[in-house]
1. Taking 0.36 nm per residue of sequence separation and subtracting the Cα-Cα distance, how much length would be gained by fully extending the chain between residue 133 and residue 32, in nm to one decimal?
2. Using the basic label-point model (7 angstrom from Cα toward the beta carbon), what is the residue 216 to residue 143 distance in nanometres?
3. Just to compare against my own numbers: the Cα pair-distance distribution for the range 166-254, 10 Å bins, whole % per bin, please.
4. Along the Cα→Cβ direction, 7 angstrom out, place labels at residue 168 and residue 224. What is the inter-label distance in nm?
5. Fully extended, how many nm does the chain gain between residue 64 and residue 307 (0.36 nm per residue separation, minus their Cα-Cα distance)?
6. Using r as the Cβ-Cβ distance of residue 72 and residue 234, and R0 as 30 Å, what FRET efficiency do you calculate, to the nearest 0.05?
7. Provide the FRET efficiency to the nearest 0.05 for the residue 52-residue 79 pair, computing r from the beta carbons and using R0 = 22 Å.
8. Using Cα-only point scatterers and the Debye equation, what is log10 of I(q)/I(0) for the range 21-76 at each q in 0.16, 0.23, 0.28, 0.29 Å⁻¹, rounded to two decimals?
Ligand SMILES: C[S@@+](CC[C@H](N)C(=O)[O-])C[C@H]1O[C@@H](n2cnc3c(N)ncnc32)[C@H](O)[C@@H]1O
């Protein structure tokens, strides 16, 4: 996922090698994952790029086509992988993923249980968060999806951090071998309440569970099931507002007047006096909300396993003498 050196340590300086996966980046919304192969070429609207020219360059390099066009070659981080992976299911995106990792308190060394795997979008980020000593065990009942996810983790170099199992987690629960071992459990299932009793048994004392559901009815049913053994039950909806940052030319009178009637509402700032051109126009930076901002994705319900010691203490206290 991130380039590693010969000692398998994450390296931000190592160069691109034959067989590496790179993200060929044109713009934030035009990019593609490509496996470098010395004899291959990459073609886009800017011309033809020889892979052999890429080998030996550091990740992040700008490379030229036969027509003088260019692209950037970026390391396949989980953030970029989520944007380029092939969608076999609905996936989690960066805003929800970030929130999940923070609220599940995931750090290197954690053992995480996940179901379903889906397209592996969340799994790649979980894997990086637990690296280098932790592990993610992810389960999906759909054999082909599990197989495709395994192939993807192979491509992105995550096989030592992720194990994919085929299992009906709603019907069978997580495997017994994980009882009491999981630091956190993540569920993205149609009927998560069926998997919650098993998740509870898998969690370490004080472990945290998160369930992602698109509908509020699923949240209500899950919360109902969580009440008996979990505490601190909270549901969030992460709404991300993206802003467009553009350079543009505006007549100086418009800037000084504090706004233009022709332009949609946006914040404008004159970049510098030197940037003003000879016609009295100004070069400005315009910032405004993107029109196609992503709306509702789903609800994230978090709950912490009720601490057994406190629970037993309370039971003893409440016991009639
Ligand atoms: C929406 S996808 C998960 C997407 C994933 N979170 C991601 O970011 O790529 C839900 C997955 O749950 C799987 N699934 C549904 N019911 C299941 C069950 N009973 N046991 C295991 N997996 C199940 C589906 O096959 C599907 O792949």
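No lab work stands behind these numbers, since they all come straight from the coordinates. Please read all numbers here as calculations on a predicted model, not as lab measurements. Here the Cβ positions follow ideal geometry from the backbone for every residue, glycine too, while neighbour counts run over all protein chains shown.
1. Values: separation 101, 0.36 × 101 = 36.36 nm, distance 2.96 nm.
Going from the current span to full extension adds 33.4 nm.
2. Here the modelled spin labels are 4.1 nm apart.
3. P(r) for the range 166-254, in whole percents per bin: 14, 40, 20, 7, 7, 7, 4, 0.
4. Distance between the two pseudo-spin positions: 2.3 nm.
5. Gain on extension, residue 64 to residue 307, equals 81.7 nm.
6. Values: r = 40 Å, r/R0 = 1.32.
The formula returns an efficiency of 0.15 here.
7. Details: r = 28 Å, r/R0 = 1.27.
The value I calculate is 0.20.
8. -0.39, -0.86, -1.33, -1.43
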